[in-house]
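Presented below is the structure to which this report refers.
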Amino acid sequence: MSERQSIFAGLSLNPPPFLSRSQGPPHTPYDSARLGLPALIDTDPQGSLTAWWNRRDGETPLLVNIDNGLPATLDALREAGIKMVLIDTPPSVHAFVADVIGLADLVVVPVRPTPDDLDAVGPTLDMIEAAGRNFVFVVSQAKKRTRLALETVPALAQHGKVSPVVVYDRVEFPTAALDGRGVVEVGDGAAATEINELLTYIRKQLGKDISK
């Protein structure tokens, strides 16, 4: 991808609470680029990211449709100066998801510490490896001080890079989502700290990946 734009696919990360700080109501990609905001693309038929965005008071971050196709949309955003794009995908092994992965600089794979999610890692990795893309696991919705939470990180580490930041199951997430906000907008507690640290980590990984 262009050095001026980094693209990462979030596999079933709904909504992406670390990209939700409103900085005014830009109406075009050029306004978002000026403010240094990312663009969001929702490819999940369930539309959870879109529903979250529609509950927001304001129009940032920019939510973009892909009526003209994903590659053309990304080209248009790049021309507008957008430097980061998050693409939310459905939690399924589907040919379309593989196409999205192929366009990403970094694939973020949230994994809940459950047997079902761990079992789903294999098919997801097959798609990522077939596309030759960089990826990172993020343990999310974890219960503190449980055996599953403790065992999930080393289990995932056998397959690839795991974020050192674990996102725990906290009531702040659905509470913030009620009116289309992220936890970083409603307070500075543990949930906001986790998300800010996760965003910092992901930005560092993106910087490494697009500099290769």
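Listing for the model above:
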| quantity | calculated |
| --- | --- |
| Yes/no for Thr146 being surrounded by fewer than 16 Cβ atoms within 10 Å (Cβ to Cβ), β-branched (Val, Ile, Thr) and under 26 Å from Trp52 (Cβ atoms) | no |
| Sole residue being within 29 Å of Arg55 (Cα to Cα) and modelled with pLDDT of 90 or more, chosen from Val167, Val162, Val153, Val184 | Val167 |
| Members of the stretch 147-179 that are of a type in the set (Lys, Arg) and either in contact with an Asp or Glu (Cβ under 6 Å, 6 or more places away or on another chain) or in contact (Cβ under 8 Å) with a residue 12 or more places away in the chain (or both) | Lys161, Arg170 |
| Residue within the stretch 114-133 that is in a loop (DSSP other than H, G, I, E, B), within 14 Å of the chain's Cα centre (by Cα) and either closer than 30 Å to Thr73 by Cβ or in contact (Cβ under 8 Å) with a residue 12 or more places away in the chain (or both) present | no |
| Residue check for Val107: in a strand (DSSP E or B) and in contact with a Ser or Thr (Cβ under 9 Å, 6 or more places away or on another chain) | yes |
| Residue count, the stretch 108-120 (criterion: in contact with a Leu (Cβ under 7 Å, 6 or more places away or on another chain) and of a type in the set (A, V, I, L, M, F, W, C)) | 3 |
| Any pair with Cβ under 9 angstrom, 6 or more apart, that starts in the stretch 55-67 at a residue that is at positive phi and ends at one that is at pLDDT 85 or above | Gly58/Gly180 |
| Any pair with Cβ under 6 angstrom, 6 or more apart, that starts in the stretch 81-93 at a residue that is part of a loop (DSSP other than H, G, I, E, B) and surrounded by fewer than 24 Cβ atoms within 10 Å (Cβ to Cβ) and ends at one that is modelled with pLDDT under 85 and of a type in the set (S, T, N, Q) | Lys83/Gln5; Pro91/Ser12 |
| Single residue of the stretch 168-184 satisfying the filter (touching a Pro at 6+ places or on another chain (Cβ under 8 Å) and either assigned to a helix (DSSP H, G or I) or charged (D, E, K, R) (or both)) that is surrounded by the most Cβ atoms within 10 Å (Cβ to Cβ) | Val183 |
| Ala120 vs. criteria under 24 Å from Asp42 (Cβ atoms), touching an Asp or Glu at 6+ places or on another chain (Cβ under 9 Å) and at pLDDT below 90 | no |
| Enumeration of residues in the stretch 185-197 that are surrounded by fewer than 20 Cβ atoms within 10 Å (Cβ to Cβ), under 20 Å from Pro164 (Cβ atoms) and in contact (Cβ under 8 Å) with a residue 60 or more places away in the chain | Asn196 |
| Checking Lys144 against (1) free of Cβ contacts under 8 Å to residues at least 60 places away in the same chain; (2) outside any loop (DSSP other than H, G, I, E, B), the condition it does not meet | (2) |
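The values are calculated or read from the model by the stated rules, or taken from the named source; none is laboratory data. Since the structure is predicted, the reported quantities are computational estimates derived from the model, not experimental observations. So basically every Cβ, Gly included, is an ideal-geometry build from the backbone, and we count neighbours across all protein chains shown.
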